[in-house]
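Novice: One structure follows; several queries about it will come next.
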Amino acid sequence: MRKLIVVIIILTGFMVGINLSRKPNGFRSYQEVLAELINDAPMKTYCDSFYGYCIHYPEFFSKEVANEGFVRLGYWNNERFVIECSVLKAPDTSPVKVKMKELATQLHAEDQQLLRDSFILSGPVYENGNKIEGYRYYAKYVRNQKLWFSYTLFYPESCKSALTRLLRQIDRWEV
């Protein structure tokens, strides 16, 4: 009889522990669902035929604009996500550090990371001089000869934790 009571108490404790570890409503957050969607999505490749650069992006992003040296890919589901890749066409021979400081000032960058022939900037999104609340960008600029190539992700700040795969994709990007 004592063994039965001990087993019942252990099982009851186990069941209470499981129920307490669950979320109250049983639903996953938007960020959890988004992270799973991004991490499990097959990646597509866009290649600019004129400049020869390529980027990888999740297949659920759709091509919105594609011109010579520029592409915009977007995804909308509760929040707006945009990937842009472009070529700065004005020949520029300034050192990488100088270009980074110049663009960091223009783009209101809060974080700067200087690499060998490239750099990464991130910060809040501004449009026409006005800050767009709740949105951020993460961009890598790569110099190839005298041209600068950029790969930028615009995203809601609340979703950053779900975007690890895309941010690593940008970090590893080369031209």
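The values are calculated or read from the model by the stated rules, or taken from the named source; none is laboratory data. Please read these numbers as outputs of a predicted model, since none were measured by experiment. Note that we place each Cβ from the backbone using ideal geometry, even for glycine, and neighbour counts take in every protein chain shown. Side chains are part of the model used for accessible areas, which takes the heavy atoms of the whole protein and leaves out ligands, DNA and RNA. Shrake-Rupley method; radii C 1.70, N 1.55, O 1.52, S 1.80 Å.
Novice: What angle do you read, to the nearest 10 degrees and between 0 and 90, between the alpha-carbon axis of helix 30-40 and the longest principal axis of the chain?
Specialist: 70 degrees
Novice: While we're on this one: Would you look at the GNM of the chain, springs on alpha carbons closer than 10 Å, and say which of 28, 143, 165 moves the most?
Specialist: The residue with the greatest mean-square fluctuation here is 28.
Novice: Where does each of 100, 15, 43 land when they are ordered by accessible area, with a 1.4 Å probe and the largest first? Could you put the intermediate results ahead of the total?
Specialist: Values: 100 10, 15 110, 43 55 Å².
Order by accessible area, largest first: 15, 43, 100.
Novice: Leaving out ligands, DNA and RNA, and with a 1.4 Å probe, what % of the accessible surface on region 49-175 is carbon or sulfur? List each step's numbers first, then the result.
Specialist: Numbers: 3110 of 6860 Å².
Roughly 45 percent of what the probe reaches on region 49-175 is carbon or sulfur.
Novice: With every protein chain kept in the model, how would you rank 27, 60 by accessible area, 1.4 Å probe, largest at the top?
Specialist: Numbers: 27 145, 60 50 Å².
Result, largest first: 27, 60.
Novice: Specify which labelled value, from (1) 87; (2) 162; (3) 114, agrees with volume of the Cα convex hull per residue in Å³ derived from the coordinates of the model shown.
Specialist: Working out volume of the Cα convex hull per residue in Å³ from the coordinates points to (2).
Novice: For residue 78 and residue 161, compute 0.36 nm times the residue count separating them, minus their Cα-Cα distance, and round to one decimal in nm.
Specialist: Additional length available on full extension: 28.3 nm.
Novice: Determine the per residue accessible area of the chain with all protein chains present and a 1.4 angstrom probe, expressed in square angstrom. Mind dumping the intermediate values first?
Specialist: Working: 10910 Å² over 175 residues.
Spelled out: the 1.4 Å probe surface of the chain, per residue, equals 62 Å².
Novice: Looking at region 59-126, which GluC sites (Glu not before Pro) are in a loop (DSSP not H, G, I, E or B) and have at most 12 other Cβ atoms within 10 Å? Please list the in-between numbers first.
Specialist: Numbers: sites: 59, 64, 68, 79, 84, 102, 110; in loops: 59, 68, 110.
Sites meeting the loop and neighbour criteria: 59, 68, 110.
Novice: Sorted by accessible area with a 1.4 angstrom probe, largest first, how do 152, 105 fall?
Specialist: Details: 152 10, 105 105 Å².
Correct descending sequence by accessible area is 105, 152.
Novice: If R₀ is 25 angstrom, what is the calculated FRET efficiency for the pair residue 92 and residue 128, using the beta carbon separation as r and rounding to 0.05?
Specialist: Details: r = 25 Å, r/R0 = 0.99.
Using R0 = 25 Å, I get an efficiency of 0.50.
Novice: Next question. Under a Cβ-only charge scheme (Lys and Arg +1, Asp and Glu -1), can you give me the dipole magnitude of region 57-124 about the Cα centre, in debye to the nearest 20?
Specialist: Values: 8 positive and 10 negative charges, 37 e Å.
Charge dipole, region 57-124, about its Cα centre: 180 debye, nearest 20.
Novice: A follow-up question, please. Using unit Cβ charges (K, R positive; D, E negative) and no other charged atoms, how large, in debye to the nearest 20, is the dipole of the chain about its Cα centre? Display every interim value, and only then the final one.
Specialist: Values: 23 positive and 19 negative charges, 137 e Å.
Computed about the Cα centre, the dipole is about 660 debye.
Novice: Separate question: Looking at this model, which pairs from 89/131; 89/146; 99/140; 97/140 are more than 18 angstrom apart at the alpha-carbon? If you can, show how the numbers build up before the last one.
Specialist: Numbers: 89/131 26 Å; 89/146 9 Å; 99/140 12 Å; 97/140 13 Å.
Where the Cα-Cα span goes over 18 Å, the pairs concerned are 89/131.
Novice: Right, next: Residue 54 to residue 111: FRET efficiency via 1/(1 + (r/R0)^6), r the Cβ-Cβ distance, R0 35 Å, to the nearest 0.05? Don't jump to the answer; show the numbers that get you there.
Specialist: On the way: r = 26 Å, r/R0 = 0.73.
It comes out at approximately 0.85.
Novice: Then there's this: Of 62, 5, 94, which is farthest on the positive side of the dipole of the chain, counting Cα position, with +1 on Lys and Arg Cβ, -1 on Asp and Glu Cβ, and the Cα centre as origin?
Specialist: After comparing all options, I get 5.
Novice: Spin-label point model (7 Å from Cα, Cβ direction): what's the residue 64 to residue 30 distance in nm?
Specialist: Label at residue 64, label at residue 30, 1.7 nm between them.
Novice: Let me ask you something else. Helix 96-106 versus the longest principal axis of the chain: what is the Cα-based angle in degrees, 0 to 90, to the nearest 10?
Specialist: Roughly 70 degrees, rounded to the nearest 10.
Novice: Can you give the calculated 222 nm mean residue ellipticity of the chain, where each DSSP H run of n ≥ 4 adds -39,500 (n - 2.57) and the sum is split over every residue, rounded to the nearest 500 deg cm²/dmol?
Specialist: On the way: 4 runs with 51 residues, N = 175.
Computed mean residue ellipticity for the chain: -9000 deg cm²/dmol.
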